[in-house]
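Novice: After the structure tokens below, expect a handful of questions from me.
The values are calculated or read from the model by the stated rules, or taken from the named source; none is laboratory data. This structure is a prediction, so every number in the text was calculated from the model and none was measured. As a convention, Cβ positions derive from the backbone with ideal geometry for all residues, glycine included, and neighbour counts pool all protein chains shown. When the accessible area is computed, the model is the full protein with side chains, heavy atoms only, and any ligands, DNA or RNA have been set aside. Shrake-Rupley method; radii C 1.70, N 1.55, O 1.52, S 1.80 Å.
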Amino acid sequence: MMKKVTHAVFLLMAASIAMSSSSGALARENTLEKIKVEQMTPEINRLVEKGVKKAASLIPYLKDYPVREVVVKDTPYLLVNNYKSKENNAEFVTLVLDKNTGDLLEFGKQELYNQKSQTLYPIDKSKEIAVSFMKKLYGEDMAGYQFDGDGVAKVFDGQTNTIQFVRMVNGVPFTDDIVQIQVDHEGEITGKSLGMNIEKISFANLDQILSKEKAVKQLSTYMKLRYSLDQDGKTYKLLYVPAFSGKLDAVSGKDSVNMPYHSKVNVKPKGASQPVAQSREEAQAYLTQRTGYDFAKGNVFFEDLTGEKPVIIQYFWKTRKWEGRTNYSWRTDDGWIGSMLIEPKTGSIVSYHVIDTSVSKTATKKLTQEQALRLAINELAEITPAGTGELLLLQPGEYDESTNQYDFFFVRQEQEIPVEDGLTHISINGSNGKVMGIDLNEKVDGVMADPKKAISQEEAAAALLKKYPLQLQYSLQEEGKASLVYTIPRLFDAKIDALTGEFYTYGSTE
């Protein structure tokens, strides 16, 4: 799946940089003078003039934004905010220029919200406008960019069409390098996202890659059986899913991402009793002891949301495990920070999650993925009931910068086949190793199909590839080096009924 960068996200970033920079807001004249005297060196001024001149030839409405603010930061870019007047900084055009060459890299237009109903510009005409712009900016060959698929990015804000291009190298799409052009309801280009400088990137040669036939054969070895609870809540479907990252190395045919995935985990349960909380106070004290979060700091609000879906939710989309459970939640003015589910009859804690947003903004990851996984396995031994069989690490522990947490998902097995609804989820703090969240595996009794009746891995792979053929792409696997990989475009949707060979979809929402 291609990367998507929306116009709104870009403008938010640009505005944030502008207002948080040392240059300050444009409305203060003394700030403008400070920029000119202390930061606008002749070289920077020359680069800015070059970039603005180029932008003016591409963006006709730039002439309506004559007041200029230059933000100079310790980055490879210069940020040039163009305003209609010194008094009006709500509407502006932001230009992002290369600090070494002055080349226009990215831009976006911010307008006051127009509440009048608007009709999107015709998509075919939007494409023509976007192509014309790309040729003016990069030359007739558009620097190797071509429409990405049908060229229409799946981004919609009600006012703009987003036309997407992908860089082609040696006739192969380089999916880490895309450009998006926003065309508004009047056919005006209101934004362009940042492309990539590929001059310092080495690209793998095509002469050593596996043929598609061999790649397909290799893919079949990754087709694994899995039980999945169907909509009736009583029957488990037996499915084939591709148990890999979605990218096969085009030379070796192996998973190109070296991460633990579908790995067996040897856990020796200690048979300890499940933790309990008989009141809000006990629940809060338990969370503080486990996660280190101090609920006494700041302005923390408590709410009993029993009967409602937990605010901090991970994997309850099928089981609805919150029903009939006590549901406690905590939040601050900045947002939700904690959630806990408790079995009311016994007081047993079924699930909890704490996200300390104030820490995550400044935290520096210290634990490696392997260290975090070891801590998660230790936690499994504490909370897994005695007699539980061998567990499987279903998904790698990916690090989330916004929460400063690693997330690991483990599943139980039946007849050595993972049961995806029997998940145990554990979140580990990336700095101190605290267990910031758990969701306990809850077995749902149901009828399970006989795996002896399943089609072969090869048949499952053929059914998958009939709908989603393997695609050859360049992908940045390490700094400065683009490898060739075979990919499946919609891995999340790649589920094959192991008894019929047909595609399987859970309801209408998956």
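Novice: Of everything in region 162-177, what is of a type in the set (Ser, Thr, Tyr) and open to solvent by 10 Å² or more (accessible area, probe 1.4 Å)? Give them in sequence order.
Specialist: Scanning region 162-177 gives a single hit, 175.
Novice: Continuing with the same structure: Kindly establish whether residue 197 is without any contact (Cβ under 8 Å) to a residue 12 or more places away in the chain and in contact with an Asp or Glu (Cβ under 9 Å, 6 or more places away or on another chain).
Specialist: yes
Novice: Just for strands (runs of 3 or more DSSP E) wholly inside region 225-275: which have at least 3 residues that are over 19 Å from residue 475 (Cα atoms)?
Specialist: 235-242, 263-265
Novice: When both residues are 6+ apart or on different chains and their Cβ atoms are under 6 Å apart, which pairs have a first residue that lies in region 125-145 and is open to solvent by 80 Å² or more (accessible area, probe 1.4 Å), and a second that is small (Gly, Ala, Ser) and modelled with pLDDT under 95?
Specialist: Hits for this filter: zero, empty list.
Novice: So which of 159, 180 is polar (S, T, N, Q), open to solvent by 30 Å² or more (accessible area, probe 1.4 Å) and at negative phi?
Specialist: 159
Novice: Which residues, taken from region 451-502, are farther than 29 Å from residue 209 by Cα and in a strand (DSSP E or B)?
Specialist: 497
Novice: Which residues, counting only those in region 379-407, are of a type outside the set (Gly, Ala, Ser) and in a loop (DSSP other than H, G, I, E, B)?
Specialist: Passing the criteria: 384, 385, 388, 390, 401, 403, 404.
Novice: Looking only at region 203-215, filter to residues that are touching a Phe, Trp or Tyr at 6+ places or on another chain (Cβ under 9 Å) and not in a loop (DSSP other than H, G, I, E, B); which one of those is least open to solvent (accessible area, probe 1.4 Å)?
Specialist: Looking at the filtered set, the residue picked out is 215.
Novice: Based on what the data block shows, is residue 96 surrounded by 12 or more Cβ atoms within 10 Å (Cβ to Cβ), farther than 19 Å from residue 166 by Cβ and in contact with a Gly (Cβ under 8 Å, 6 or more places away or on another chain)?
Specialist: When the stated conditions are applied, residue 96 does not pass them.
Novice: Could you tell me whether residue 373 is open to solvent by less than 60 Å² (accessible area, probe 1.4 Å), outside any strand (DSSP E or B) and at pLDDT 90 or above?
Specialist: yes
Novice: Same structure, new question: Of everything in region 410-438, what is of a type in the set (Lys, Arg) and at pLDDT 90 or above? Give them in sequence order.
Specialist: The answer is 434, and nothing else.
Novice: Among (1) within 30 Å of the chain's Cα centre (by Cα); (2) open to solvent by 50 Å² or more (accessible area, probe 1.4 Å), where does residue 242 come up short?
Specialist: Condition not satisfied by residue 242: (2).
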